[in-house]
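Contents: one structure, followed by commentary.
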Amino acid sequence: MNNETAEVSPPRIEFRIGNLTFDMLKRDPRLWLLALRRRWWLLLLLPALTTTLALIYLLSRPPQYESRAVLLRQAPRDYKDNGLPEGFSQLQMVDIINLIRRHGNMTKTLSRLQLDWSLQALYQHTEVRQPAKQSNIIYLSAQASSPELAANIANTLTNVFLDDYRALLRSNLIALQEANAANRQKLQTALSEQQNSYLALLQENKMIAFSEVSNSLQLQIQTIESTLLQQASQYETYASQLAMLQQRLSETEPQIKRTEEVSTAQQTELEAKKLELVTKLQTYTEKNPIIQKLREEIRLKTEELAKNGDQTSTKIIFGDNPIYTTLLAEVTKLEAAITGNRKSMEYYRKELEKLQKRREELSRLQPRVIALEDQIDATKRSLDRLDEAQRLLDMFLQRSYSDVSVTEDAIVPDRPVGRGRVFAGDVHFAVD
């Protein structure tokens, strides 16, 4: 007799719908239609069972109250006139909505209300949404079995979010303030270097201020050019007068006859006319009618004396012609004036050459000076912009800036919400 016991296999449980086994259904999916036709009541039983369970769930839950707070996000265009600090940008609306129910804010809300709820329960009983896609309004709703609790949850979560949001904006403003301070230090260092380079360039070229030196130099050049024009005009005048006097000098005798005794009245009158002519020439030119008339009278008187003769013996001597002497003095004086004029013109020409050479040097230097001045001006403007941004940052920090504010606090509701909405909210949370 064999003492070994035979192994007994466990009974096989087989899925079966009537005479149809699961293996049969797997091999031929069309048999499912046959199975459903034989067990059609199962199709009706499942929805009925689900509806019954939902009704039991709704009827077993206490009534729910909903309270809603309304927040407004001020649009960026509303700050256009007041101005925002340079470099500061507002958060997007989707980021603000996500911040409201972040983990830290939900935890603080439960702590402040001392609720013995889980975070999941608080998430289930709160909702944040926009009434429209591009709207700047935010609805923060809360549900609870107590109307007072629903209002407290909505208001508390709103206050916790605003405190957190202001702290976030403040940290961003402080970070921007620190960045501006660092940038200002860099710009101040760059400005000092630029100013030192500018001063070194001026000192190297023996200048205090480029524009003043350039303007003064241009004024000196204009003055000397004007003086040279005057000197040239004066030279032409002197040269014309000298040529005329030299012509008269060449036509005048250096020696003339002089008599100590005159025996006739005609001779006396002739000498008087000649003396008068010498005197008038000190005042008038040869072209003057008075001079021409005297010369004509002298000529006629001389011809008359020569024609009639002179029976009286006279003692005649020769001497310097006063007209010739006067003309010679005038010529000498004009020649000295022309010599002085030439020397002055030569001096001014040399000075003009020096100034023009200096102007050329400044012209070559001007691009470097202008570039440095532009750099200094640009750096100063950047510093001014940073100072203005810093002023705005200080102002925003002092007033605890926030572009989100409460326009409507949550109030205690006087009636519960429909049970259908409560069930829809529970289903939505479960799906999420």
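Overview of values
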item	result
Residue satisfying all of: in the stretch 132-175; in a strand (DSSP E or B) and out of contact with any helix residue (DSSP H, G or I) (no Cβ under 9 Å at 6 or more places or on another chain); surrounded by the most Cβ atoms within 10 Å (Cβ to Cβ) among these	TYR139
Verdict on GLY87 being open to solvent by 60 Å² or more (accessible area, probe 1.4 Å) and under 23 Å from ASP403 (Cα atoms)	yes
Cβ-Cβ under 7 Å pairs, at least 6 apart or on other chains, the stretch 167-196 side over 30 Å from ILE370 (Cα atoms), far side in a helix (DSSP H, G or I)	ARG170/LEU397; LEU173/LEU393; LEU173/PHE396; LEU173/LEU397; LEU176/LEU393; GLN177/GLN390; GLN177/LEU393
The stretch 338-364 residues that are over 21 Å from GLU236 (Cα atoms) and open to solvent by 70 Å² or more (accessible area, probe 1.4 Å), paired with ones that are part of a helix (DSSP H, G or I) and of a type in the set (A, V, I, L, M) (beta carbon under 9 Å, 6 or more apart)	ARG359/LEU217; ARG359/ILE221
Single residue of THR326, THR302, THR285, THR312 found to be at pLDDT 85 or above, open to solvent by less than 80 Å² (accessible area, probe 1.4 Å) and either touching a Cys at 6+ places or on another chain (Cβ under 7 Å) or not aliphatic (A, V, I, L, M) (or both)	THR326
The lone exception for GLN375 - which of (1) touching a helix residue (DSSP H, G or I) at 6+ places or on another chain (Cβ under 9 Å); (2) open to solvent by less than 80 Å² (accessible area, probe 1.4 Å); (3) at pLDDT 90 or above it fails	(2)
Inter-residue pairs, beta-carbon under 9 Å, first over 19 Å from TYR65 (Cβ atoms) and in the stretch 114-135, second among the β-branched types (Val, Ile, Thr), 6+ apart	LEU119/THR107; GLN130/ILE97; GLN130/ILE137; GLN130/ILE138; PRO131/ILE137; PRO131/ILE138
Verdict on GLN266 being of a type outside the set (Lys, Arg), modelled with pLDDT under 80, open to solvent by 50 Å² or more (accessible area, probe 1.4 Å) and not in a loop (DSSP other than H, G, I, E, B)	yes
The stretch 391-410 - residue that is part of a loop (DSSP other than H, G, I, E, B) and in contact with a Leu (Cβ under 7 Å, 6 or more places away or on another chain) and, of those, farthest from ILE96 (Cα to Cα)	TYR401
Tally of residues being open to solvent by 40 Å² or more (accessible area, probe 1.4 Å) and among the aliphatic types (A, V, I, L, M) across the stretch 214-238	2
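The values are calculated or read from the model by the stated rules, or taken from the named source; none is laboratory data. Since the structure is predicted, the reported quantities are computational estimates derived from the model, not experimental observations. Quick reminder, even Gly has a Cβ in these numbers, built from the backbone with ideal geometry, and neighbours come from all protein chains shown. Accessible surface areas use protein heavy atoms only, side chains included; no ligands, DNA or RNA. Shrake-Rupley method; radii C 1.70, N 1.55, O 1.52, S 1.80 Å.
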